[in-house]
1. Of the residues in segment 82-139, how many are basic (Lys, Arg), in a helix (DSSP H, G or I) and over 15 Å from residue 41 (Cβ atoms)?
2. For segment 426-461, which residues satisfy the criterion of being β-branched (Val, Ile, Thr), open to solvent by less than 50 Å² (accessible area, probe 1.4 Å) and within 14 Å of residue 378 (Cα to Cα)?
3. Considering only segment 12-28, how many residues are touching a residue at least 60 places away in the same chain (Cβ under 8 Å), open to solvent by 10 Å² or more (accessible area, probe 1.4 Å) and in a loop (DSSP other than H, G, I, E, B)?
4. Counting only residues that are in contact with a helix residue (DSSP H, G or I) (Cβ under 6 Å, 6 or more places away or on another chain), give me the strands (runs of 3 or more DSSP E) lying completely in segment 294-387 with at least 2 of them.
5. Scan segment 67-74 and give yes if some residue there is open to solvent by less than 20 Å² (accessible area, probe 1.4 Å) and of a type in the set (A, V, I, L, M), otherwise no.
6. Restrict the check to segment 415-425 and report whether at least one residue is in a loop (DSSP other than H, G, I, E, B), closer than 29 Å to residue 219 by Cα and open to solvent by 30 Å² or more (accessible area, probe 1.4 Å).
7. Please enumerate the residues belonging to segment 152-198 that are closer than 21 Å to residue 242 by Cβ, open to solvent by less than 20 Å² (accessible area, probe 1.4 Å) and among the β-branched types (Val, Ile, Thr).
8. Filter segment 212-256 down to the residues that are in contact with a Ser or Thr (Cβ under 6 Å, 6 or more places away or on another chain) and not aliphatic (A, V, I, L, M), then identify the one that is least open to solvent (accessible area, probe 1.4 Å).
Amino acid sequence: MNYDLIVIGSGPGGYVAAIRASQLGMKTAIVERAELGGICLNWGCIPTKALLKSAQVFEYLKHAADYGIKVNGGGADFPAVIKRSRGVADGMSKGVQFLMKKNKIDVIKGNGKLKAGKKVEVTDGGKATDYEAKNIIVAVGARSRELPNLKIDGKKIIGYREAMVLPQTPKSMIIIGSGAIGSEFAYFYATMGTKVTLVEMLPNIVPVEDEEVSKQLAKSFAKIGIEVRTEASVLEVDTKGAGCKVKIKDKNGESVVECDVVLSAVGIQSNLENIGLEDVGVVTDKGKIVVNQYYQTNIPGIHAIGDCVPGQALAHVASAEGITCVEKMAGQNPDPINYKNIPGCTYCQPEIASVGYTEKAAKEAGYEIKVGKFPFSASGKAAGVGAKDGFVKVIYDAKYGELLGAHMIGYNVTEMIAEIVVARKLETTGHEILKSIHPHPTMSEAIMEATAAAYGEVIHL
């Protein structure tokens, strides 16, 4: 029962850390109380993308005539859409099972809890067993955050898990919170035929994005019938009747909106309860485990990664943290992660992808900047695929040409953002992007065109 490393949690942070540890010669075990792959593979990133693809296909069918295709009839089989999504998730989870066997990682089923002396107590079916390791990684992830006046009951007030497996399409839904989760579900349900109202407390939806991106998404959402209410908050939800009566306060005062279901998408909170942090003295702050740049806690041999530590709560961040943590553990000298070069993606239609400074943040940081913007309405590829909404916006330091940030909204932009991440990692300048020949016709050449616009050399505007 002795290991070099025990990982508690098998999400994209935990299972990736375990595999890298095995590659580096460590005898490794992973503790998981539910399905391998964690929330991302089973109830987050992967199954939601399957749902969103079904919505996109349905949208294509509804607009087939725009492409010169005649379709007679055609409707959404909502239970089949849900079934496909669950099938995709199950397949990915089985893939992680295969990777555990391939890398000779022991999978221990149950609830893991830290104990003194670098031990992990695993409880399954009422039976507790202790395991010992030289190092432990806590990768327990997070869950939906609940507001005091918005308790999730799983039926009328739901979180993202319930939203993925509803038995039928609701006629109407109010979504509270317009971050990635709220916006993706707003697009999905609106496309499937639900009357969606999106409520955001801040002045713009997708509030972490550049303001121009937020405004474009609001326009695109309005086209498909989503009602967007910003600078608004939900005071209370009355669930006593057949549906929900939601009292909303905004700049125009208070109003009551009725709907079938309320989806709470107001963020996440880390799963820090009942995992023994207090028993062994691991320091936490504001609901997160305190770690250094190599994810070591204040207790030697205990580490933490992913959504339970400070930083962006994203799957790719958790994976990178796991690899960095394990490589340091193995005596290597990995570069600490640069949290200013983390891409963020939202997979509604149009998609959103961004990295680095927004225009506002760059100015506030004291940079003199060059800003370039290229609309997809001027893109040949966008016109050909029928997706002219959106743009690419790039921000450069005027003095040195440093690529400070990029913000995209449009068709397939989540596949384009990696170019910017690599460019920033390599400290590429605007001139180098401009003189790198991009293929035509592609959506990605908008990055080159936006750069040209920043430097007064744009051709196609």
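The values are calculated or read from the model by the stated rules, or taken from the named source; none is laboratory data. Note that the structure is a prediction, hence the values are computed from the model and not measured. We place every Cβ from the backbone using ideal geometry, glycine too, and count neighbours over all the protein chains shown. Heavy atoms of the whole protein, side chains included, go into the accessibility calculation; ligands, DNA and RNA do not. Shrake-Rupley method; radii C 1.70, N 1.55, O 1.52, S 1.80 Å.
1. Adding up the residues that qualify gives 4.
2. Taking segment 426-461 first, the residues β-branched (Val, Ile, Thr) are 428-429, 433, 437, 442, 447, 451, 458-459.
Filter once more, keeping what is open to solvent by less than 50 Å² (accessible area, probe 1.4 Å): 428-429, 433, 442, 447, 451, 458.
Within segment 426-461, 442, 447, 458 qualify.
3. 4
4. Details: elements: 302-304, 344-346, 351-356, 369-375.
Once the strands (runs of 3 or more DSSP E) in segment 294-387 are filtered for at least 2 residues that are in contact with a helix residue (DSSP H, G or I) (Cβ under 6 Å, 6 or more places away or on another chain), what remains is 344-346, 351-356, 369-375.
5. For segment 67-74, residues open to solvent by less than 20 Å² (accessible area, probe 1.4 Å) and of a type in the set (A, V, I, L, M): absent.
6. no
7. Residues satisfying the conditions are 157, 158, 174, 175, 176, 194, 196, 197.
8. If we filter segment 212-256 for residues that are in contact with a Ser or Thr (Cβ under 6 Å, 6 or more places away or on another chain), which is where we start, we get 227, 248-249.
Now restrict to residues that are not aliphatic (A, V, I, L, M): 227, 249.
On the way: 227: 78, 249: 104 Å².
Restricting to residues being in contact with a Ser or Thr (Cβ under 6 Å, 6 or more places away or on another chain) and not aliphatic (A, V, I, L, M), the top hit is 227.
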